[in-house]
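Take a look at the structure below.
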Amino acid sequence: MRLLLCGDVMGRPGREIIAAELPRVRRELALDFVVVNGENAAHGFGITDKICAELYASGADVITTGNHVWDRREIMAYIGGDPRLLRPLNFPAGTPGNGHGLYRLADGRAVLVANAMARLFMDAIDDPFAAIDRLLGEHPLGAVAAIIVDFHGEATSEKTSMGHFCDGRVSAVIGTHSHVPTADYRILERGTAYMTDVGMCGDYDSVIGMRKEGSIARFVTKLPGERLEVAEGAATLCGVVVETDDATGLALTIEPLRIGGVLAPHWPRLARVPTPAK
Ligand SMILES: [Fe+2]
Ligand SMILES: [Fe+2]
């Protein structure tokens with residue numbers, strides 16, 4: 001199976017590059033399943049039902065989120081009715097929406113997507129390791145063709161630990177939230193594809209997607225300053241493509257995808273020959 005996860009979509013530039021590029025990417029890479037992290041899609045803060053519809057129309061199968069999920073409060077009433085929109089699974093019991101979903105492709109193969117949130121330098125929510133462990137107990141690899149974990153977190157140590165914790169039990173653990181792609185994409189010892197952070201889909205001539213001036217001023221003056229505004233220049237689409245073995249659910253290849261903006265472009269050289277469209 002060929003999977004793509006796109007990092008945090010940052011405001012309008014992020015939404016625009018997803019709309020402009022994802023349909024072509026999906027076709028040219030013969031992707032089976034696409035996950036997009038949408039936590040910053042609404043002007044940098046949260047997501048709306050209308051934006052969810054736009055991302056699905058562009059080719060997203062599932063939208064994951066993170067600490068910004070509730071920034072647009074109206075999403076709390078919407079999320080329970082949309083099984084393709086996930087929030088971190090380790091929020092307290094009773095939180096609206098779901099932290100994982102089991103999705104069936106047209107050919108019958110099943111994909112499990114889990115969205116978890118880290119705790120170091122973030123809100124002290126429930127233990128993500130225990131939550132993932134419980135979920136994998138209910139859905140072992142083999143019972144489903146592929147399992148993707150979006151682990152949304154700040155600390156590279158916590159994210160790398162989650163990668164090794166899940167090694168051999170899921171197809172891929174991909175980090176989100178830092179908005180900066182890391183170069184450590186690889187297949188771990190027991191066959192799980194891993195990348196500490198996939199980066200964002202947004203304008204990198206910025207401070208993690210926000211206009212430089214306001215962000216720098218906060219560090220220089222230590223005054224609270226004005227609300228940060230999304231940087232509106234050309235975006236880079238940052239994603240990661242993982243190919244899995246349908247027999248084992250484990251990863252065969254992992255490679256970044258970068259299109260547009262100021263980052264060096266990268267188009268994956270995939271191992272598997274795509275099956276021609278019927
Ligand atoms: Fe984010
Ligand atoms: Fe985040």
For the stretch 164-180 the number of residues that are buried (at least 24 other Cβ atoms within 10 Å of the Cβ) and within 15 Å of ligand 1 (Cβ to nearest atom) is 4
Counting only residues in the stretch 32-91 that are away from ligand 1 (no atom under 16 Å from the Cβ) and among the aromatic types (Phe, Trp, Tyr), the one nearest to the chain's Cα centre (by Cα) is identified as Phe33
Restricted to the stretch 179-214 and to residues being under 23 Å from Val149 (Cα atoms) and acidic (Asp, Glu), the residue nearest to the chain's Cα centre (by Cα) is Asp197
Exactly one of Gly233, Gly239 is part of a strand (DSSP E or B), modelled with pLDDT of 95 or more and either charged (D, E, K, R) or on the phi < 0 side of the Ramachandran plot (or both), and that residue is Gly239
Reported set for the stretch 148-174 where residues are closer than 18 Å to Ile125 by Cβ, among the basic types (Lys, Arg) and more than 16 Å from ligand 2 (Cβ to nearest atom) is none
Those residues of the stretch 207-229 that are within 16 Å of ligand 2 (Cβ to nearest atom) and either at negative phi or of a type in the set (Phe, Trp, Tyr) (or both) come to a total of 4
Only one of Leu228, Leu223, Leu270 is outside any strand (DSSP E or B), under 19 Å from Phe33 (Cα atoms) and at pLDDT below 95, namely Leu270
Looking across the stretch 92-118 at residues that are within 16 Å of ligand 1 (Cβ to nearest atom) and either of a type outside the set (A, V, I, L, M) or assigned to a loop (DSSP other than H, G, I, E, B) (or both), the single one that is surrounded by the most Cβ atoms within 10 Å (Cβ to Cβ) is Asn115
The strands (runs of 3 or more DSSP E) lying wholly within the stretch 1-84 that contain at least 3 residues that are within 16 Å of ligand 2 (Cβ to nearest atom), buried (at least 18 other Cβ atoms within 10 Å of the Cβ) and at pLDDT 95 or above are 33-37
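The values are calculated or read from the model by the stated rules, or taken from the named source; none is laboratory data. Just so we're clear, the structure is a prediction, and the values are computed from it rather than from any experiment. A quick note on method: Cβ atoms are made from the backbone with ideal geometry, for glycine too, and the neighbour counts reach across all protein chains shown.
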